[in-house]
Amino acid sequence: MSALIAAAGGSAAAVGGTTSEHPFVARIVQGQPGADNSRACGGALVQSRWVITAGICFAGRVNTSNGTPTVSTVVTVGRPDLSGSAGASVAVDQVALLAGRDIALLRLAAPVAEVTPLPLSIAPPTAAEQFTIAGFGRTSTEWVPDRQHSVTLTVGAVEADGITVVGQGAVVCKGDAGAPALRRDGGRLELAGIASESGQAGCFGNVGGGEDVTLTRVDNVVDDIRRTISQPANLSGMSRFAVGRFDADAFADVLAQETTTGQLWRYPGTSTPGVWGPRSQVGGPNLSDAVDFTVGEFTGDRLDDLVVRWRAGSVFLYPGAATGLGASQVIRTAQNGWSDAVQMVAGDITGDGKDDILVQWRAGSLFAYPQTAPGSFGGSIELRSAGALSDAADFTVGEFTGDHLDDLVVRWRAGSVFLYPGAATGLGASQVIRTAQNGWSDARHMVAGDITGDGKDDLTVQWQAGTVFSYPGNRAGGIGGSLPIRAL
């Protein structure tokens, strides 16, 4: 029979097996070690300010009014050898218990910058798969080990909320409740589950018992976890942004330019609609001298590329690549460049399946430059004559009407937002998305792209305060209510 494995009376947290060096593995201690109210568990850093562990570790120890722990709690991460000083020890200031699942999410009083968080797995567990469980609990020979240990166990039964794993000669011991169960996906480790119960056979001080371990599943509550540990996205330090796909997954990412440094940042999309992953710097050009950029698929490899318009008027293409951005290709030199442009946006306005570049000129006209071959563009096509867009504050291009032709969306200075459907002959008659009375006059930037992951383009707006909201498209010429974007 399995037993709960939260250690009381000052025991640390670890796993019987071999020593390991995973910096994201956490040791969680409640109360003063050795005191009657002391309890220790395992866990894992899943965001710079959040640690995941077992809910049983905090049973009866959370203020129901504000979520604070009732017993002083400290988390240590980045320290595989507890006798050393690496990593950080940080107090817990809030506990969120996940409804219907033996999971607790601990918010740290300060972020841990020196440890890379453990990604969450979204793949269901399969029978006979092997997981590695790592922690600081008892071993077969030590009551309170100083070193992190790990053991590899094999998946047996898989239930809706739990996983049974079995080992041979080494299992999870007291102090390992909440210890992470790791699976390898390609070259990286992911969190597949957390330890909840164990037969504790062979653990120090335990007589008898079995080698079975019960894990709490993580993959089917990833959305709930991400929404808890994320915070509202804020692009207040960014001058512009664009939506595109810059890796091999199915989720749209965001590229944003930092105003003060010109540095490009990528906010990766996740499987949770409206939640971005941790941002990372993009290898490629510094955009301090850029006046505009857009993204689109211009090289035929199904990864979006970056197009930059420089202050001198030249326009360069930087192909998207798994490692960042490739070497520049010249689209326009400074001599025949676009120094008189106001804004440039990518989209398939000609309906041939290839992204084009649309340019709004200072005279208020709008021209399309169709992609004729990878990295090459043909002569201009007039979409709107001079003066037509003189009062436009912003525009973007996306597929909003369900006919597989990209449409033009214009935000006017008064705040109203109009849709101009794409058509074989150019652009159709305007449709009102927002009137001036309930418009977007306080918007800073508006872009199109599938932020919600449902296969339909959405409108995403950065407001003057820096907050970001997405308005899901319905492919019938309309958009839904606002979805606040959050970031890990």
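Readers should treat all values here as calculations from the given coordinates under stated rules, not as data from a laboratory. On a predicted model such as this, the values are computed, not experimentally measured, just so you know. Quick reminder, even Gly has a Cβ in these numbers, built from the backbone with ideal geometry, and neighbours come from all protein chains shown.
State the Kirkwood hydrodynamic radius of segment 291-414 in Å, one decimal place, computed from all pairs of distinct Cα atoms.
14.8 Å is the Kirkwood radius here.
Cα atoms only, segment 259-341: Rg and Dmax in Å?
Using the Cα atoms of segment 259-341, the pair Rg, Dmax is 13.9, 46 Å.
Amide H of Val291 versus every other amide H placed in the peptide plane: which residues, excluding those fewer than 5 positions away on the same chain, fall under 5 Å?
Arg309, Trp310, Arg311
Please state the Cα pair-distance histogram of segment 220-365 with 10 angstrom bins from zero: what percent is in each bin?
Per 10 Å bin, starting at zero, the Cα-Cα P(r) for segment 220-365 comes out as 11, 38, 34, 14, 3, 0 percent.
Net charge near Phe293: determine it from the other residues with C-beta under 10 Å of the C-beta of Phe293, scoring Lys and Arg +1 and Asp and Glu -1.
So the surrounding residues net to +1.
Give the average over all directions of the projected area of the C-alpha convex hull of segment 10-126, one decimal, in nm².
Details: hull surface 33.4 nm².
In nm², the orientation-averaged hull projection of segment 10-126 is 8.4.
Using only the Cα atoms of segment 228-288, build the gyration tensor, take square roots of its eigenvalues as a ≥ b ≥ c, and label the shape rounded, prolate or oblate: rounded if a/c is under 1.5, else prolate if a/b is larger than b/c, else oblate. Working shown, then result.
Values: a/c = 2.38, a/b = 1.41, b/c = 1.69.
Oblate.
Could you tell me whether segment 184-280 comes out rounded, prolate or oblate from its Cα gyration tensor? Rule is a ≥ b ≥ c as square roots of the eigenvalues, rounded for a/c under 1.5, then prolate if a/b exceeds b/c, otherwise oblate. Working shown, then result.
Details: a/c = 3.24, a/b = 3.06, b/c = 1.06.
Verdict is prolate for segment 184-280.
Quick one: which residues, 5+ away or cross-chain, put their amide H under 5 Å from the amide H of Gln200? H built at 1.01 Å from N.
Correct list: Val172, Gly210.
For segment 381-488, report the % of Cα-Cα distances exceeding 25 Å. Mind dumping the intermediate values first?
Values: 999 of 5778 pairs.
Taking all Cα-Cα pairs of segment 381-488, the fraction more than 25 Å apart is 17 percent.
When the helices in the chain are scored as -39500 (n - 2.57) per DSSP H run of 4 or longer and the sum is shared across all residues, what 222 nm value do you end up with, to the nearest 500 deg cm²/dmol? Kindly include the intermediate steps, with their values, before the conclusion.
Numbers: 1 runs with 8 residues, N = 488.
Helix contribution divided over all residues of the chain: -500 deg cm²/dmol.
Relative contact order for the chain using alpha-carbon pairs under 8 Å, separation at least 6, rounded to a whole percent? Intermediate results must be reported in sequence, preceding the final value.
Values: 1469 pairs, mean separation 52.5, N = 488.
In percent, rounded to a whole number, it is 11.
Which is farthest toward the positive dipole end of segment 397-445 among Trp440, Val417, Thr401, measuring Cα position about the Cα centre, with Cβ charges +1 (Lys, Arg) and -1 (Asp, Glu)?
Value computed over the given set: Trp440.
Along the principal axes of its C-alpha atoms, what lengths does segment 346-401 span, in descending order and rounded to whole Å?
Sorted largest first, the three principal extents are 33, 26, 14 Å.
When the Karplus curve 6.51 cos²θ - 1.76 cosθ + 1.60 is applied with θ = phi - 60°, which whole-Hz ³J(HN,Hα) does each residue of segment 100-108 get, with x for Gly and Pro?
x, 8, 7, 9, 10, 10, 9, 8, 7
Taking the Cα atoms of the chain alone, what are Rg (to one decimal) and Dmax (as a whole number) in Å?
Here Rg and the maximum Cα pair distance are 26.7, 86 Å.
Please list 3J(HN,Hα) in residue order for segment 318-324, calculated via the Karplus relation 6.51 cos²θ - 1.76 cosθ + 1.60 where θ = phi - 60°; whole Hz, with x for glycine and proline.
Once rounded to whole Hz, the list reads 10, x, x, 8, 4, 9, x.
Show me, for segment 299-316, the HN-Hα J-couplings you get by feeding each phi into the Karplus relation (A = 6.51, B = -1.76, C = 1.60, θ = phi - 60°), rounded to Hz, glycine and proline as x.
Karplus-based 3J(HN,Hα) across segment 299-316 equals 10, x, 9, 6, 9, 5, 10, 9, 10, 10, 9, 8, 4, 6, x, 5, 10, 10 Hz.
Size of the dipole of the chain about the Cα centre, Lys and Arg at +1 and Asp and Glu at -1 on the beta carbon, nothing else charged, in debye to 20? Write out the running numbers ahead of the final one.
On the way: 34 positive and 47 negative charges, 222 e Å.
So the dipole magnitude of the chain works out to roughly 1060 debye.
Lys and Arg at +1, Asp and Glu at -1: add these up for the other residues within a Cβ distance under 9 Å of Asp304 and post the number. Don't jump to the answer; show the numbers that get you there.
Details: positive: Arg245, Arg302; negative: Asp253, Glu297, Asp305, Asp355.
Around Asp304, the surrounding residues sum to -2.
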